[in-house]
Amino acid sequence: MKRTTTSLQVVGVEGIGEVERGTDLADLLVDALHASRATLVDGDVLVVSSKVVSKALGLTEPAAERDAVVERESVRTVAARRTPSGLARIVEAAAGPVMAAAGVDASNVAEGTVLVLPADPDAAARELRAGVRRRTGALVGVVVTDTAGRAWRDGQVDFALGCAGVAVVDDLRGARDTAGRTMTVTERALADEIAAAADLVKGKTDNVPAALVRGLAAWVTEEDGPGARSLVRAAASDWFRLGHVEAVRTALGADGVDAPPVVPGTFGERVARAVEVAAAGGAGSCRLERRTLHLSAADDFGRGVLAQRVLAALWTEDLAGTVHRRDDGVVVTVREARGR
């Protein structure tokens, strides 16, 4: 089937109001659409913010316990930095994707509370889809969205956290491009593209948490499908499983050292952190005099090992070093890195 879409209509669903625990989202969305004289038809896609899904499920926690909640909702930490307000973490969330603070959110919620993501966003999408079909009879797709930043680019975009009844990828591998060459890599993350398009009409500050997308009937399926979790890259194929600082620290056995701050600080503070990382696990010790580190270890071999650990640790602080063998031992002169 040819699935080229040349026209797309994306409309924000207004009039939803505040969502509370126990709210029937299917009824709420259908009623809001009817109030705006819109009717769902086969092939439509409903795009709904995870925030209202979480509110309907009652997934609130005390804001005072936010750090503990983030820890509970995290599978593993990808990167972390200390900030004036606490520890900022990019983690693999229990809900599936890699994102900041496991998706625990304090915006647009009752004072003193935070929201957590549904444990199974795909199941939430399937339930909402079934409710809409019972109410309207229409065969629609449902995408539950959240917001995340992206490596290498500033800003955030919405992505598919959960999905039911709509293809999540457009797999073009094996097809031929316009020049007749066989494509071997291209897989469009269709569900994420739908989520991002819908966010242009949803309003995080205007209480418009849902959108109706029309024009994608070729991608809407009778079956619920594999869900958005199928888009999460498996560990074995993830080239960026850890942040660059965390990867070096882990390799040095120093992943237990406190996370570095967002603001690096003075030259001396950066060197001190690098020394702590290099010396982790009893590798030796270092003493800083001006811009020279004096290394101390059990023997020449140990000092050589420590010197290499120091060079790697300095790199995580945007510093570099040169190793010198002197009569009084091994030293490393430290300087600002260039060209990183």
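Which of Ala175, Ala110, Ala251 ends up with the largest GNM mean-square fluctuation for the chain, with Cα atoms connected below 10 Å?
So, out of Ala175, Ala110, Ala251, the one fluctuating most is Ala175.
Skipping prolines and chain starts, which residues have an amide H placed within reach, meaning under 5 Å, of the one on Val78, given they are 5 or more residues away or on another chain?
Residues meeting the criterion, in which the H sits 1.01 Å from N, are Ile90, Val91, Glu92.
Mind counting lysine pairs for me in the chain? Cα separation below 26 Å, and the two need to be 8 or more apart along the chain or on different chains.
On the way: Lys51/Lys202; Lys51/Lys204; Lys55/Lys202; Lys55/Lys204.
Summing the qualifying lysine pairs gives 4.
In whole Å, how far is the Cα centre of region 107-184 from that of region 242-275?
With region 107-184 and region 242-275 each reduced to a Cα centre, they are spaced 35 Å.
Eigenvalues of the Cα gyration tensor times 5, then square-rooted: what semi-axes does that give for region 164-316, in whole angstrom, largest first?
Values: eigenvalues 514, 92, 37 Å².
Working from the Cα gyration tensor, I get semi-axes of 51, 21, 14 Å.
Residue by residue through region 278-290, which ³J(HN,Hα) values in whole Hz follow from phi under the Karplus form 6.51 cos²θ - 1.76 cosθ + 1.60 (θ = phi - 60°), with glycine and proline marked x?
5, 8, 4, x, x, 6, x, 9, 9, 10, 9, 10, 6
Which one of Ala198, Val52, Pro118 is farthest out on the positive end of the charge dipole of the chain, using unit charges on Cβ (Lys, Arg +1; Asp, Glu -1) and the Cα centre as origin?
Going by the Cα projections, it comes out as Ala198.
Rounded to whole Hz and in sequence order, give me ³J(HN,Hα) for region 77-87 from the Karplus expression 6.51 cos²θ - 1.76 cosθ + 1.60, θ = phi - 60°, writing x for Gly and Pro.
For region 77-87, the Karplus curve yields 8, 8, 7, 8, 9, 7, 10, x, 9, x, 9 Hz.
Using label points projected 7 Å from each Cα along Cα→Cβ, tell me how many nm separate Gln156 and Thr184, to one decimal.
3.9
In whole Å, largest first, what are the principal axis extents of the Cα atoms in region 34-100?
Projected onto the principal axes, the Cα atoms of region 34-100 cover 49, 24, 20 Å.
With an 8 Å Cα cut-off and a minimum separation of 6 or more residues, compute the relative contact order for the chain in percent.
18
Using the Karplus curve 6.51 cos²θ - 1.76 cosθ + 1.60 with θ = phi - 60°, work out ³J(HN,Hα) for each residue of region 35-52 in order, rounded to whole Hz, and write x for Gly and Pro.
5, 9, 6, 10, 10, 6, 10, 3, x, 6, 10, 9, 10, 10, 5, 4, 4, 6
Measuring from centroid to centroid over Cα atoms, what is the spacing of region 28-44 and region 189-241 in Å?
Using only Cα atoms, the two centres lie 20 Å from each other.
Which log10 I(q)/I(0) values does region 244-336 give at q = 0.11, 0.21, 0.24, 0.25 Å⁻¹ under the Debye formula, counting every alpha carbon as one identical point scatterer?
Taking Cα atoms of region 244-336 as identical point scatterers yields -0.26, -0.98, -1.26, -1.36.
Using Cα pairs under 8 angstrom and six or more residues apart, how large is the relative contact order of region 161-259, in percent?
It rounds to 31 percent for region 161-259.
Which residue fluctuates the most in the chain, going by a Gaussian network model with Cα springs under 10 Å, if the choices are Pro97, Pro84, Pro226?
Pro84
Using a 7 Å offset from Cα along Cα-Cβ at Thr250, what residues in region 61-75 end up with backbone N under 19 Å from the label point?
So the set is 71-75.
Can you give the translational diffusion coefficient of region 88-138 in µm²/s, computed by Stokes-Einstein from the Kirkwood radius over Cα pairs at 25 °C and 0.890 mPa s?
For these conditions, the coefficient is 191 µm²/s.
Give me the extension gain from Glu222 to Ala130: residue separation times 0.36 nm, minus the current Cα-Cα distance, reported in nm with one decimal.
Separation in residues times 0.36 nm, less the Cα-Cα distance, equals 32.0 nm.
Per the helix-only calculation at 222 nm, which mean residue ellipticity applies to the chain, given -39500 (n - 2.57) for every DSSP H run of n ≥ 4 and division by its residues, nearest 500 deg cm²/dmol?
On the way: 8 runs with 88 residues, N = 340.
Mean residue ellipticity at 222 nm (helix-derived): -8000 deg cm²/dmol.
Compute the angle between helix 190-199 and the longest alpha-carbon principal axis of the chain, please, reported from 0 to 90 degrees and rounded to the nearest 10.
80
Using a Förster distance of 22 Å, how high is the FRET efficiency between Ala110 and Ala35, based on the Cβ-Cβ distance and rounded to 0.05?
Step by step, r from the Cβ atoms, then E = 0.30.
Can you list residues whose amide H is under 5 Å from Val98's amide H, if they're 5+ apart or on another chain and H is modeled 1.01 Å from N?
For Val98, the qualifying residues are Ala93.
If the elastic network links every pair of Cα atoms under 10 Å, which of Thr147, Thr182, Thr322 fluctuates the most in the Gaussian network model of the chain?
Per the Cα network of the chain with a 10 Å cutoff, Thr182 tops the list.
Using a Debye calculation, one point per C-alpha and no hydration shell, please list log10 I(q)/I(0) for the chain at q = 0.06, 0.09 Å⁻¹ in order.
Relative scattering, expressed as log10 I(q)/I(0), comes to -0.32, -0.62.
Taking other Cβ within 10 Å of each residue's Cβ, how do Val47, Val310 sort, fewest first?
Values: Val47 30, Val310 27.
The most exposed by this proxy come first: Val310, Val47.
With all distinct Cα pairs included, what does the Kirkwood hydrodynamic radius of region 1-70 come out to in Å, to one decimal, could you say? Present the calculation step by step, with values, prior to reporting the outcome.
On the way: mean 1/r = 0.0677 Å⁻¹.
So the Kirkwood estimate lands at 14.8 Å.
Each reported figure results from applying straightforward, stated rules to the coordinates on display, with no laboratory input. In this text, all values refer to a predicted model and were calculated from it rather than measured experimentally. In this analysis, Cβ positions are derived from the backbone assuming ideal geometry, glycine residues included, and neighbour counts consider all displayed protein chains.
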